[in-house]
Amino acid sequence: MRAGPGPGVHPGDIAFKYEPMHTLSIKALGEGLKTKKFSSRELTQHYLSRIERHDPALNSYITVTAEQALAQADAADARLAAGEAGPLTGIPLAQKDIFCTAGVRTSCASKMLDNFVAPYNATIVDKLHGADGAGMVMLGKCNMDEFAMGSSNETSWYGPVKNPWDTGRVPGGSSGGSVAAVAAGLAPAATATDTGGSIRQPAALTNLTGIKPTYGRVSRYGMIAFASSLDQAGVVARTAEDAAYVLQAMSGFDPRDSTSVERPVDDLVGGLERPIKGLRIGLPKEYFAEGLADGARERVMAAVEQLRSMGAEIVEISLPNSPLSVPTYYVVAPAEASSNLSRYDGVRYGHRAEGIKTLEELYKRSRGEGFGAEVQRRIMVGTYVLSHGYYDAYYLQAQKVRKLIYDDFRRAFESVDLVLGPTATDVAFELGSKTDDPVAMYLNDIYTIAANLAGIPAMSLSCGFVDGLPVGLQLMGNYFDEARLLNVAHQYQLATDWHQQHPRGFE
Amino acid sequence: MSLTIEQLKQVAHLARLEMTPDQADHYTQQLSSILDLVDQLQQAKTDQVEPMAHPLEMSQRLRPDTVTETNQRDVFQSVAPSVEDGLYVVPKVIE
């Protein structure tokens, strides 16, 4: 739904044809900038004003970088005037506050890093905003779950983020600020990260399109580590086409990340228009078993019928070990987190407790004060499963089950081109309804975790609504098949208009 | 499996986390329910399975052993809570 004309405006008036800039696609924004319909400064100012007006109701930004944004916009306008602009030059973007931004606070939504001003840029920040990069304008840093640990954006030290579709509900997590900002028209797109579903589940809960590429496709340099064998950066946007433009600019080999893959990036935008006739789509029966809400099931199955009518071939498959993905993840991810987060010691950067007499006390009190409850729980679970006497039973066993989950996908992709299922078990839940029960919270990610364990690309897009709240459809692809995922999502979006719905109150 | 409060305190010590007795009580219950969840892993038959540490079959890249980074000590120490003469300051460790 486009924001309609204001009261007293009649059809035929010039204002009737006016489309607010925040409803335009990235492609249309690029054309508007190149044809001088508006400047990057005007566009940036428009978004900054919207943030000022609407963000108090959402809390989607931790830091708004208005001054730097306008300076970047002016630089982009100069590039545009000189005819040196790329497809993204001058278009605003929000960064999840997990990516290091030189000279700008990078908090990871933790008290531990509340005072941390990054001394360098993450590779993707350079690629998107740097002098030799895509020329996008950074609006600010988005709220998130603390250290990306959470599925509701309620663990942030800066307070919870609200879902624009119903501000009494969560936006999902951990990339809750990124999705709330984009869904409410406070950024055209945003970066996000996904360790167990943190791009896809929030995208599903806010009617957005979010993609987590193959592990190793996007550099992790300068992205604050949670679980290094699972973490991957991606993007949330309103459409697959918008996501393709941004992901194209973020992807690629980076010598500064030892797990970055040396392999050319496919033409993601160019691949969107391929027909999907004859494509084989697998529906894993485990993803439609008990636990999936009826309304969500109906919407996902309607999307399956839509894809079938467009020429896709639908086959039932089995991923027999997928019920073990949540327990596997809650050994592997905390184990890696407990090791990664040992760097926060109150000595080199971050929070340091006061009035300390011994080094041990310095560590313990700085960490006890600086980390929130969910982060402390995961550090302790990780410490426990790695400790002497429990390592084989938990950590080694989890790594073996991870191999079984990986083998399930390898087998599936011998007979299908992609795998389809729901993204989440249900629509967005109410704020505070799961905060006291970590296990209930963890089960939110039951359909998303397997893709991280296997390292395959996966995405979520909207496939309808239940009682006015969005439902997400998940597509999982073979290694490095991002172009195919975006292609199928784009074709589905050409045939449906779910993704064009905007939340009321944020027109 | 359920955790005792003594085990919880030992884990918190290993992880260098200070907490109040109330917090320790609360964490003991919550960690026990998380460990119950992960105990499902014991059902899986994994005798012949190779553990998988990493999603991609790749080996670590090597690079020539030459200096590529410049010294940025001042920049990095600008975010440190306490430094003196280029050194990080901590409470006295050796008497």
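The values are calculated or read from the model by the stated rules, or taken from the named source; none is laboratory data. Not measured: the values here are computed from a predicted model. All Cβ positions, even for glycine, are placed from backbone atoms using ideal geometry, and neighbour counts span all protein chains on display. The accessibility values were calculated without ligands, DNA or RNA, using every heavy atom of the protein model including side chains. Shrake-Rupley method; radii C 1.70, N 1.55, O 1.52, S 1.80 Å.
State whether the residues of the stretch B:5-15 include one that is of a type in the set (Gly, Ala, Ser) and farther than 17 Å from residue A:372 by Cα.
If we filter the stretch B:5-15 for residues that are of a type in the set (Gly, Ala, Ser), which is where we start, we get B:12, B:15.
From what is left, the residues that are farther than 17 Å from residue A:372 by Cα are none.
Within the stretch B:5-15, none of the residues are of a type in the set (Gly, Ala, Ser) and farther than 17 Å from residue A:372 by Cα.
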Exercise. Residue B:86 versus (1) open to solvent by 60 Å² or more (accessible area, probe 1.4 Å); (2) more than 9 Å from every other protein chain (Cβ to nearest Cβ): which is the lone unmet condition?
Worked result: (1)
For this session: Go through B:30, B:43, B:7 for me and flag whichever is modelled with pLDDT under 95 and either over 21 Å from the mean Cα position of the chain (by Cα) or open to solvent by less than 80 Å² (accessible area, probe 1.4 Å) (or both).
Result: B:43
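Condition first: open to solvent by 60 Å² or more (accessible area, probe 1.4 Å) and in contact with a strand residue (DSSP E or B) (Cβ under 8 Å, 6 or more places away or on another chain). Now tell me which residues in the stretch A:331-370 satisfy that. Reasoning before the result, please.
Initially, the stretch A:331-370 is screened for residues open to solvent by 60 Å² or more (accessible area, probe 1.4 Å), giving A:339, A:342-343, A:348, A:354-355, A:357-358, A:360, A:363, A:369.
The answer is A:348, and nothing else.
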Exercise. When residues of the stretch A:368-388 are filtered for being in a helix (DSSP H, G or I) and in contact (Cβ under 8 Å) with a residue 60 or more places away in the chain, how many remain?
Worked result: 7
Exercise. Taking residue A:450, is it more than 14 Å from chain B (Cβ to nearest Cβ) and either hydrophobic (A, V, I, L, M, F, W, C) or open to solvent by less than 10 Å² (accessible area, probe 1.4 Å) (or both)?
Worked result: no
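Quick check on this structure: which one of A:415, A:342, A:318, A:322 is at the interface with chain B (Cβ under 9 Å from one of its Cβ atoms) and of a type outside the set (Asp, Glu)? Walk me through how you get there before you give the answer.
Working: A:415 fails: at the interface with chain B (Cβ under 9 Å from one of its Cβ atoms); A:318 fails: at the interface with chain B (Cβ under 9 Å from one of its Cβ atoms); A:322 fails: at the interface with chain B (Cβ under 9 Å from one of its Cβ atoms).
Just a single option satisfies the conditions, and that option is A:342.
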Exercise. Within the bounds of the stretch A:128-142, is there any residue that is over 30 Å from residue A:334 (Cβ atoms) and open to solvent by 40 Å² or more (accessible area, probe 1.4 Å)?
Worked result: yes
Exercise. Counting just the residues of the stretch A:373-386 that are open to solvent by 20 Å² or more (accessible area, probe 1.4 Å) and more than 7 Å from every other protein chain (Cβ to nearest Cβ), which one comes out nearest to residue B:10 (Cα to Cα)?
Worked result: A:386
Exercise. For the stretch B:18-58, what are the residues that are more than 8 Å from chain A (Cβ to nearest Cβ) and within 20 Å of residue A:336 (Cβ to Cβ)?
Worked result: B:57
Exercise. Across the stretch A:264-322, what is the total count of residues that are closer than 24 Å to residue B:44 by Cα, out of contact with any strand residue (DSSP E or B) (no Cβ under 8 Å at 6 or more places or on another chain) and modelled with pLDDT of 95 or more?
Worked result: 3
Exercise. Could you say whether any residue in the stretch A:100-113 is touching a Pro at 6+ places or on another chain (Cβ under 6 Å), outside any helix (DSSP H, G or I) and open to solvent by less than 10 Å² (accessible area, probe 1.4 Å)?
Worked result: no
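Which one is nearest to residue A:450 (Cα to Cα), of the residues in the stretch A:272-322 that are hydroxyl-bearing (Ser, Thr, Tyr) and assigned to a helix (DSSP H, G or I)? Even if it seems obvious, please write down each step before you answer.
Applying the first criterion (hydroxyl-bearing (Ser, Thr, Tyr)) to the stretch A:272-322 yields A:287, A:309, A:318, A:322.
Remaining after also requiring assigned to a helix (DSSP H, G or I): A:287, A:309, A:322.
Details: A:287: 11, A:309: 28, A:322: 7 Å.
The residue in question is A:322.
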Problem set entry | Residue satisfying all of: in the stretch A:401-432; in contact with a strand residue (DSSP E or B) (Cβ under 9 Å, 6 or more places away or on another chain) and of a type in the set (Gly, Ala, Ser); surrounded by the fewest Cβ atoms within 10 Å (Cβ to Cβ) among these | A:415
